[in-house]
Amino acid sequence: MSDFLVKEDQSTEVRIELQYLPCLEYFTCILQYDRVYIDVEERYVKQTYRNRCNVLTTNKIDTLTIPVKGYEAASSTKDILIDYNQDWTRRHLGCLQSAYGKSPFYEYYAHEFKRVYEKKLAYLVDLNYELLTICLRLSGIKKDIQYNLSGVKMDENAVVNAISLINNRKQPDLHKYYSPAPYYQTFGNDFVGNLSIVDLLFNMGPEAKSVLLRSCKSQ
């Protein structure tokens, strides 16, 4: 099945920010456009998916947050530095192991993510981009994805601005690009939608893309 799901009368390009191990709506958004511009000069907003993600553990949804160093209010996302004075990498890797260690595909994929964390990349955008690249490959999504700086003049009629549209503060029924398609999850009897992409990858492996395609909300 083709990744290209946009209707002929819609824009085929979108601009979004980098997120940390993004939620499923981030990927269903990508699937619905032909070209994706990742804006690394957009203004950094704290307490968003830019530095956090949600995973499903034994009895709850756990939020993993990357601590960042101090920054000015109008700082660009590309300038945000990761704070390694806090031992957050062990906490994140430990949580992923605890949450997904017994999932069908954890042993096949976990080492790829671990290698990125071990690099201790200085900038949040570099960490997020390397992890996103892995997630796109493992989920079988092939798109024209480019860095795009906010200062570059763009045809606003041709490019949809989805900056901060996919966020962790809206109500579940306000998703623009995502409609939950249930899949197997290691814990719990009730399906939890729109978690980090790692939940889908570790549980469904090569079937991740078909789940995402079923989860694309009609525009």
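The values are calculated or read from the model by the stated rules, or taken from the named source; none is laboratory data. A quick note: this is a predicted structure, and the numbers were derived from the prediction, not measured. Every residue, glycine as well, gets a Cβ built from its backbone with ideal geometry; the counts of neighbours run over all protein chains shown. To get the accessible areas, we keep the full protein, side chains included, count just its heavy atoms, and leave off ligands, DNA and RNA. Shrake-Rupley method; radii C 1.70, N 1.55, O 1.52, S 1.80 Å.
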Notebook entry, point to check: Among the residues of segment 188-219, which ones are under 14 Å from residue 103 (Cβ atoms), open to solvent by 50 Å² or more (accessible area, probe 1.4 Å) and either in contact with a helix residue (DSSP H, G or I) (Cβ under 7 Å, 6 or more places away or on another chain) or part of a loop (DSSP other than H, G, I, E, B) (or both)?
Noted result: 188
Margin query: So for segment 123-142 (the condition being among the aromatic types (Phe, Trp, Tyr) and either on the phi > 0 side of the Ramachandran plot or under 19 Å from the mean Cα position of the chain (by Cα) (or both)), does at least one residue qualify?
Written below: yes
Margin query: Show the residue pairs meeting these rules: Cβ distance below 7 Å; 6+ apart or different chains; first residue within segment 195-206 and among the charged types (D, E, K, R); second residue at pLDDT 95 or above and open to solvent by less than 10 Å² (accessible area, probe 1.4 Å).
Written below: 199/55
Notebook entry, point to check: Quick one: how many residues across segment 156-187 are at pLDDT below 95 and open to solvent by 90 Å² or more (accessible area, probe 1.4 Å)?
Noted result: 7
Margin query: Among the numbered criteria (1) within 20 Å of residue 59 (Cβ to Cβ); (2) more than 16 Å from the chain's Cα centre (by Cα), which one does residue 207 miss?
Written below: (1)
Next item on the list: Return a yes/no flag: does segment 111-124 have any residue that is part of a helix (DSSP H, G or I), open to solvent by less than 80 Å² (accessible area, probe 1.4 Å) and of a type in the set (D, E, K, R).
Entry: yes
Check: Among the residues of segment 80-97, is there at least one that is buried (at least 16 other Cβ atoms within 10 Å of the Cβ) and either more than 19 Å from the chain's Cα centre (by Cα) or under 18 Å from residue 205 (Cα atoms) (or both)?
Finding: yes
Notebook entry, point to check: Name the residues in segment 98-110 that are part of a loop (DSSP other than H, G, I, E, B) and over 19 Å from the mean Cα position of the chain (by Cα), would you?
Noted result: 101, 102, 103, 104
